[in-house]
Every structure is written in structure tokens, then in C-alpha cells.
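Heads up, the thing below is written out as C-alpha cells.
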Amino acid sequence: MNQPVIICVDDQPTVLSGLKRELKNILDDEYEIEVAEGGKEALVLIEELRAENQEIVLVISDHIMPDIMGDELLQRIHEILPKTIKIMLTGHADLVAVTNAINHANLYRYIPKPWQPEDLKLTIREALNSYFQNKKLEEQNAHLRQLNQSFSRFVPRQFLQCLNKESILEIELGDNVHQEMSVLFADIRNFTSFSEKMSPEDNFRFINGYLLRMEPAILENQGFIDKYIGDAIMALFRDRADDAVQAGISMLQRLKTYNQERRAAKRLPLQIGIGINTGNLMLGTVGGHNRMDSTVISDAVNLASRLERLTKFYGVSLLISYHTLSRLQEPTRYALRLIDQVSVKGKMKRVSVFEIFDADSPELRSAKLATKPLFEQALIQYYLGHFKSAQDLFQECLGLNPADRVATIYLRRCQTSKVPGRDEEIG
């Protein structure tokens with residue numbers, strides 16, 4: 001069986017020799033250590049190793065090299081080996097290069113030259129542990145996906161209703177319908193940090209325990225679960241946008257109860273993010289003669305997923321789009337506020353994003369309601385480009401509600417006089 005490979009890249013042979021020697025001392029003979037005297041040589045070496053089905057677990061690259069700079073090299077390696085851990089050596093603390101490598105190559109760490117042996121040893125050990133933990137997690141998630149696929153023959157009753165079918169026996173490949181629906185995405189925050197500490201059996205118990213508690217919130221509000229994606233839930237609501245919003249609020253309330261149980265058992269509480277969007281969907285069946293599945297095709301689905309991801313950025317639990325807000329029968333019954341107008345990849349117009357905070361703690365909910373008029377004034381000033389006035393108002397909001405992360409984000413934007421969404425994409 002081939003040993004996992006570590007690649008060292010530096011244009012100075014003495015540095016390469018010293019680095020390889022130290023790695024041998026740290027790792028004994030557990031890994032095959034390859035070296036390359038430059039970026040181009042490294043890329044050729046990687047192609048040769050891939051052709052031999054060698055597992056490249058770690059790349060350590062110098063930054064300043066004559067043919068390809070280290071950050072560019074790691075970015076190119078990341079495009080072909082996204083799971084490989086990348087570390088950059090640099091004799092100069094080039095913040096731009098390090099930031100570029102972090103953003104575009106998922107840089108794990110940078111080590112200043114000359115390195116300290118203990119620092120190098122600790123970093124290498126942690127990097128390799130991270131690689132194999134991620135690999136183990138992927139194997140576990142793949143196992144979870146296989147489990148979900150084994151249940152895919154059980155089609156939700158609501159799916160049959162959408163296609164005007166009475167029985168699953170009536171379903172044929174290519175059946176489809178086009179209609180407006182609301183899409184809800186929910187995902188556990190920092191799932192990896194929970195999952196990597198568990199055995200596979202505990203992973204199943206953890207995921208299923210969470211899903212069992214969330215499913216009723218969707219079903220009781222006339223929705224149905226289209227699919228599970230790892231720890232994520234995608235649900236559809238065919239009648240009213242209010243059903244989707246009520247389901248999201250109910251999920252968060254149920255999560256509070258679940259977290260009380262977890263705390264009593266001395267387990268860490270969970271946080272989830274929920275994104276909801278409403279739009280026209282194509283729902284139908286895809287596949288082949290021996291295997292078919294239900295699916296939903298629409299940009300509305302992509303936006304709902306992106307809203308869920310944005311909840312982590314804004315530090316909130318539930319976000320909806322303007323498309324959903326405009327379909328609510330009584331928007332005033334909800335505790336909500338405009339959060340931002342963001343550009344979304346592939347869309348010409350910016351999308352207004354709103355927070356629903358009914359499920360926040362009573363203290364935080366009251367604080368957001370109390371500062372809502374002030375927050376809205378600040379938002380108006382901000383989008384008018386009156387950054388100094390907006391900054392003062394956001395500062396006042398934070399004085400009344402220091403836990404408002406959204407106000408904190410806007411305060412930082414005011415300080416840089418920047419309006420995201422006009423010249424960049426979020427999500």
C-alpha cells in the first residue's frame with residue numbers, strides 16, 4: 001500500500017534538505033516526502049503522483065520563488081487538490097500573499113522563516129490530524145448520504161399531490177409541474193466541530209436525534225421535506241409563504257428545547273441557520289429506467305440556500321427574501337427588520353434580505369424591537385451614502401443593544417465607507 005505523500009517546495013536546495021530532514025525526524029517513515037525546487041516542478045510532480053493514485057496529504061511551499069509565487073502555486077494546487085492541506089513558508093510577513101492564499105487556496109497556516117523546530121513539529125502534526133479527521137468525516141458523511149438514498153423510494157405524500165398522483169405506482173420518469181412554492185433551507189452551524197469528535201454510531205444518533213425534532217415543525221405547517229443533505233434540511237411549502245416562516249420559527253423554538261436537553265446531558269448546544277425564499281419551481285422526477293428520484297429545479301432554491309449561509313455571516317437565525325415577505329398575509333405579525341440589500345451570484349438586481357427574530361431570546365427580541373426605528377434610520381442614511389450619520393446611529397443602536405451583530409457589521413462598513421452588494425457578490 002502506498003504511503004501518503006508530503007510535498008516540500010522551495011527554490012533553495014539547502015532549505016529543502018533541512019525541511020525534509022526535520023520532517024523525517026517528526027514523522028519517521030510514516031510518509032513519503034517529495035521535494036520540488038520551484039512551482040513548475042511541483043506541479044509536474046503532482047501530476048505524476050496523481051497518475052500513480054498517490055494520496056497527497058500536505059504541501060509545504062516557500063512564498064518567494066522565481067517561477068511561481070507561493071500563494072499562486074497553492075491556489076493552483078487547491079484547484080486540483082482541494083482536500084490537501086496547504087502550508088506556506090515565508091521569510092517576509094506578506095499579509096497580501098497570506099490573505100490571498102487563505103481566500104483562494106484554503107491556506108491552513110503560514111510559518112515564518114527561519115522556523116522554530118517545535119513550532120514546525122506542532123503545525124505539521126496538527127495539519128495531518130486535520131487532514132485525516134476531514135477524510136474520516138467525509139467517509140462518515142458519505143455513509144449518511146447512502147443511508148438517505150436508501151430511503152429515497154419513500155416519496156412524500158405532498159410530492160405526489162404536487163404531481164396530481166394518487167399513488168407512487170403512478171409516478172413515471174419525467175413527470176413534472178411548474179408552480180410557486182416556498183423553499184426552506186436549514187443547516188447546523190459548525191457541524192464539523194461536533195461530528196469529528198464522534199464515532200460513526202454517535203454521528204447517526206446525533207443527526208437523527210436532531211432531524212427527528214425538526215421534522216414535526218415542517219409537517220405541522222403543511223410543508224414536506226424534499227431531501228436531507230448531510231445535516232442540512234431542504235423543505236418545500238406549496239400553499240402559503242406564512243407556512244414556511246412559521247415552520248422556521250417553530251424549528252428554532254424546538255431547538256431551544258433540544259438544547260435544554262443537551263445542556264442537562266452536559267453536551268454543547270446547537271445553533272442552526274434557516275433561509276427561506278419564494279418563487280417559481282420546476283418539481284419533477286429525474287433519473288433512468290431502473291432508478292429515479294424527485295428533484296426541484298429553480299434559482300429560488302439556490303437563493304434559499306444562500307440565505308441560510310448568510311445567517312452565519314450576519315449572526316442571525318432566520319433570513320427571508322423580499323419575495324417571501326411580499327407573499328406573507330400579515331407581515332406585521334412577525335418581528336422582522338430589513339438586514340441588507342445584497343448582490344447574489346448570477347442575478348442582476350440586488351435582493352432585499354429580512355431577519356425574522358420571533359424565536360430570539362425574549363431579551364434580544366425586545367432589544368431588537370426597541371432599536372428597530374433607530375436601526376431603520378441608520379440603514380436609510382447608510383444607503384444614501386451618509387456614512388458619518390449612519391455610523392453615529394449604528395453606534396447608538398449598539399449602545400442600546402450590544403449583542404446586535406448586524407449593527408456591528410454596518411458600523412464597520414461605515415468606517416470603510418463601503419456598501420457591499422453594489423460591487424461584490426454575497427452568497
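No lab work stands behind these numbers, since they all come straight from the coordinates. Please read these numbers as outputs of a predicted model, since none were measured by experiment. Every residue, glycine as well, gets a Cβ built from its backbone with ideal geometry; the counts of neighbours run over all protein chains shown.
Taking the simple approach of a point 7 Å from Cα along Cα-to-Cβ for both Asn103 and Asp202, what is their distance in nm?
3.8 nm
Which residue, Asn203, Asn53, Asn302, tops the fluctuation ranking in a GNM of the chain built on C-alpha contacts under 10 Å?
Comparing Asn203, Asn53, Asn302 in a Gaussian network model of the chain, the most mobile one is Asn53.
Assuming R0 = 60 Å, can you tell me the calculated FRET efficiency for the pair Leu369 and Asp67, based on Cβ-Cβ distance, to the nearest 0.05?
Approximately 0.50, to the nearest 0.05.
Can you give the extra length, in nm with one decimal, that the chain gains between Glu180 and Gln54 once fully stretched, where that is 0.36 nm per residue apart less the Cα-Cα distance?
40.5 nm
Which shape class applies to the stretch 255-388: rounded if a/c is under 1.5, otherwise prolate when a/b exceeds b/c and oblate if not, where a ≥ b ≥ c are the square roots of the Cα gyration tensor eigenvalues?
Oblate, because a/c is 1.5 or more while a/b does not exceed b/c.
Can you give the angle from 0 to 90° between the axis of helix 200-219 and the longest principal axis of the chain, with both taken from C-alpha atoms, to the nearest 10?
Tilt of helix 200-219: around 20 degrees.
For the chain, max minus min Cα coordinate along each principal axis, in Å, sorted largest first?
Here the Cα extents, ordered largest to smallest, are 72, 63, 48 Å.
Could you tell me which residue out of Tyr31, His78, Val44 lies farthest along the dipole of the chain toward its positive end? Charges go on the beta carbon: Lys and Arg +1, Asp and Glu -1, centred on the Cα centre.
It is His78.
Among Pro216, Pro200, Pro13, which one moves the most in a GNM of the chain with springs linking Cα atoms closer than 10 Å?
Checking each option, the largest mean-square fluctuation is seen for Pro13.
Report the label-to-label distance for Ala264 and Gln222 in nanometres (one decimal), using points 7 Å from each Cα along the Cα→Cβ vector.
3.4 nm
What FRET efficiency comes out for the pair His143/Leu212, r = Cβ-Cβ distance, R0 = 25 Å, nearest 0.05?
In this case the efficiency is close to 0.85.
In which sequence would His104, His143, His78, His63 go, from the one with the fewest C-beta neighbours within 10 Å to the one with the most?
Sorted ascending by nearby Cβ count, the order is His143, His104, His78, His63.
Using only the alpha-carbon atoms, how far is helix 405-416 inclined from the longest principal axis of the chain? Give it as 0 to 90 degrees, nearest 10.
The angle comes out near 60 degrees.
With a Förster radius of 41 Å, plug the Cβ-Cβ distance of Lys349 and Gln271 into 1/(1 + (r/R0)^6) and report the FRET value to the nearest 0.05.
Calculated value: 0.85.
Roughly speaking, what is the stretch gain from Trp115 to Phe313, that is 0.36 nm per residue apart minus the C-alpha to C-alpha distance, in nm to one decimal?
Fully extending the segment from Trp115 to Phe313 adds 67.8 nm.
Compute the Cα gyration tensor for the stretch 5-135, then decide on rounded, prolate or oblate, letting a ≥ b ≥ c be the square roots of its eigenvalues: rounded whenever a/c is under 1.5, prolate when a/b is larger than b/c in the other cases, and oblate in all that remain.
Judged from the Cα gyration tensor, the stretch 5-135 comes out rounded (a/c under 1.5).
If you plug each phi of the stretch 235-247 into the Karplus form 6.51 cos²θ - 1.76 cosθ + 1.60 with θ = phi - 60°, what whole-Hz ³J(HN,Hα) values come out, in order, with x for Gly and Pro?
Working through the residues one at a time gives 10, 10, 10, 8, 9, 10, 5, 4, 4, 5, 5, 4, 5 Hz.
Does anyone have the angle between helix 13-27 and the longest principal axis of the chain? Alpha-carbon axes, 0 to 90°, nearest 10?
70 degrees
Set Lys and Arg Cβ to +1 and Asp and Glu Cβ to -1, take the dipole of the chain about its Cα centre, and tell me which of Ala367, Val98, Thr123 lies farthest positive.
Highest projection toward the positive end goes to Ala367.
Would you mind calculating the gained length between Gln377 and Ser417 on full extension (0.36 nm times residue separation, minus the Cα-Cα distance), in nm to one decimal?
Stretched out fully, the Gln377 to Ser417 stretch lengthens by 12.7 nm.
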